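Input: a single structure, listed below in structure tokens.
The values are calculated or read from the model by the stated rules, or taken from the named source; none is laboratory data. Remember, it's a predicted structure, so these values are computed and weren't measured experimentally. Quick reminder, even Gly has a Cβ in these numbers, built from the backbone with ideal geometry, and neighbours come from all protein chains shown.
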Amino acid sequence: MCNNLINIVILAAGKGTRMCSNLPKVLHKLAGKYIVEYVIDVAKEINKDKIYIVYGFKGELLKQYLNDSSINWILQDKQLGTGHAVAQVLPYLHDNEKLLILYGDVPLISKETLERLFSIQPNDGIGLLTVISDNPNGYGRIIRNNGIITEIIEHKDIINDQYLNITEINTGIMIANVRKLRYWLKNITNENAQKEFYLTDIVKIAYQDNCFIQSASPVNLYEIKGVNNCIQLANVERIYQNIQAEILMLSGVTIFDPNRFDLRGTLICGIDVEIDTNVIIEEHVILGNRVKIGSGCIIKNSFIGDDCNIYPYSVISNSNLSIKCKVGPFSHFRNNVKLDKNSCIGNFVEMKNVSLGKSSKAKHLSYLGDAIIGANVNIGAGTITCNYDGKNKLNTVIGNNVFIGACSQLVAPLDISENVTIAAGTTVLKDVKNKNLVLNPKKQIHKKDWKRPSER
């Protein structure tokens, strides 16, 4: 089948009341993306130029959040059922085309499954995606006569108990000829338990119109799982995450527990990478060879070079680490942090917009912001860059081979030349020249036989 003739409609007009949320259901997130974005992505693999979304409840919010100019937006002003929803898009289509019907709350559907569906669709007939379910409760049943599909009966409309035992169910996903759809949809009614215009009613009409209805099954059963409440969203999330973990593990990545791994973007790994439990990867992350990520780390939109070790509970975003760096535990990098090779950042150190030179280290309890730091620099515990004057963020430059004692304050703007030594507890207010020692003399007072207030 020529994909140029396939239009895709994504039904996304429902309120999603069971989500108990002010957001439209399809705007809830799965692995960091809106649920409906997954459906849009697979639709673009079929035909990126002919995608229609039928919207209704808070539709303007949906359009604003997605902000995708390639989508054709079709309003369903009143939500009168799936048949009524599909009918809204037909005026924009040509009779010689096909219409593939997808759902904005079924995010795991794959291109491979849809190609199966295309391959079995009869000329002028309907291709249905169906599955055999151990628990068909709540789903429309596929009714067959001598193996031929004759109709779909929604669960709430079943009055013949024998139909309750049917295990072949309708997924809702189908493809049909546009010319035939126009006729079939004109003939459906809302005389049913929900007083809605069911899309599924076209199957019986097509059968009576002497058109064939064929079925295909998905490549993976999980693909047809929908999201109607937060429990189902969590279940689909875990299915998705396990799939991503399996792909990574099959490529050689060691993931200590795939049930406690979250990928919310893309991850590219070198060889012999190890990822401990409860790690979250966001946006686009590259891990070099032999990288080790400790438990509880969050890595976002960053590059981590070969042989780096990220210790537990570190948060790294928008950063670039060269080879053989050590970070953490409990370090926080944000907004363009760059570490040169062999550098070391220890526990409870926050860095923002910092370039740190080769073999430099800040091992304890520091804040470093808006700074360029040279090679072989030692930054003592408790040192901070005072980079904000109440209005502007100001820069600190530290040369090579500088030693900064514990609990120092570096008040920007500041330029500290190479080979400088700064004594512990020093507040540096002015630029420092090469090889200087900087200290703030302090008088140490002793009071003999001092009594604490509680002892007086």
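Just a few scattered comments:
- Of all residues making up the stretch 66-102, the number that are β-branched (V, I, T) and in a strand (DSSP E or B): 3
- Residue check, K48 of a type in the set (D, E, K, R), surrounded by fewer than 21 Cβ atoms within 10 Å (Cβ to Cβ) and under 26 Å from N123 (Cβ atoms): yes
- Count - residues of the stretch 186-212 that are outside any loop (DSSP other than H, G, I, E, B) and under 14 Å from I152 (Cα atoms): 8
- For the stretch 16-34, the criterion of being more than 24 Å from Y240 (Cβ to Cβ), surrounded by fewer than 23 Cβ atoms within 10 Å (Cβ to Cβ) and in contact with an Asp or Glu (Cβ under 9 Å, 6 or more places away or on another chain) is met by none of the residues.
- Here the strands (runs of 3 or more DSSP E) wholly within the stretch 314-413 that include at least 3 residues being charged (D, E, K, R) and at pLDDT 95 or above are 361-373.
- Every residue from the stretch 197-210 that is out of contact with any strand residue (DSSP E or B) (no Cβ under 7 Å at 6 or more places or on another chain) and over 10 Å from L185 (Cα atoms): Q208, D209, N210
- Residues being out of contact with any strand residue (DSSP E or B) (no Cβ under 8 Å at 6 or more places or on another chain) and either surrounded by 14 or more Cβ atoms within 10 Å (Cβ to Cβ) or in the same structural domain as L102 (by TED's automatic domain parsing) (or both) - total across the stretch 248-259: 1
- Among residues that are of a type outside the set (S, T, N, Q), crowded, with 17+ Cβ neighbours inside 10 Å and part of a loop (DSSP other than H, G, I, E, B), D105 is included.
- Within the span defined as the stretch 383-390, every residue fails to be farther than 25 Å from N347 by Cβ, in the same structural domain as H364 (by TED's automatic domain parsing), in contact (Cβ under 8 Å) with a residue 24 or more places away in the chain and among the β-branched types (V, I, T).
- Test: residue in the stretch 34-49 that is in contact (Cβ under 8 Å) with a residue 60 or more places away in the chain, outside any helix (DSSP H, G or I) and basic (K, R): no
- For the stretch 170-202, the candidate set comprises residues that are out of contact with any helix residue (DSSP H, G or I) (no Cβ under 9 Å at 6 or more places or on another chain) and over 17 Å from Q79 (Cβ atoms); within that set, the residue that is surrounded by the fewest Cβ atoms within 10 Å (Cβ to Cβ) is E191.
- Residue count for the stretch 368-382, restricted to those that are touching a strand residue (DSSP E or B) at 6+ places or on another chain (Cβ under 8 Å) and closer than 17 Å to L339 by Cβ: 10.
- Within the set I46, I74, the sole residue that is within 12 Å of L11 (Cβ to Cβ) and either β-branched (V, I, T) or out of contact with any Lys or Arg (no Cβ under 8 Å at 6 or more places or on another chain) (or both) turns out to be I74.
- Count - residues of the stretch 347-369 that are surrounded by fewer than 21 Cβ atoms within 10 Å (Cβ to Cβ) and over 29 Å from the mean Cα position of the chain (by Cα): 7
- Candidate set: the stretch 409-456, residues that are in the same structural domain as A375 (by TED's automatic domain parsing) and hydroxyl-bearing (S, T, Y); chosen: the one nearest to A371 (Cα to Cα): S417
- If only residues of the stretch 213-232 that are in a helix (DSSP H, G or I) and in contact with a helix residue (DSSP H, G or I) (Cβ under 8 Å, 6 or more places away or on another chain) are counted, the one that is surrounded by the fewest Cβ atoms within 10 Å (Cβ to Cβ) is C230.
- Pairs with Cβ under 9 Å, 6+ apart, first in the stretch 357-372 and closer than 21 Å to K324 by Cα and touching a residue at least 12 places away in the same chain (Cβ under 8 Å), second of a type in the set (K, R) and surrounded by fewer than 22 Cβ atoms within 10 Å (Cβ to Cβ): K358/K341; S359/K341; K361/K326; L368/K352
- For the stretch 286-295, the count of residues that are among the β-branched types (V, I, T), at pLDDT 95 or above, crowded, with 21+ Cβ neighbours inside 10 Å and within 20 Å of L250 (Cα to Cα) is nonzero.
- L61 falls short of the stated requirement of being surrounded by 15 or more Cβ atoms within 10 Å (Cβ to Cβ) and either outside any loop (DSSP other than H, G, I, E, B) or in contact with a Phe, Trp or Tyr (Cβ under 8 Å, 6 or more places away or on another chain) (or both).
- Flag if I53 is over 20 Å from I224 (Cα atoms) and among the hydrophobic types (A, V, I, L, M, F, W, C): no
- The stretch 224-238 residues that are farther than 16 Å from V36 by Cα, paired with ones that are in a loop (DSSP other than H, G, I, E, B) and at pLDDT 95 or above (beta carbon under 7 Å, 6 or more apart): none
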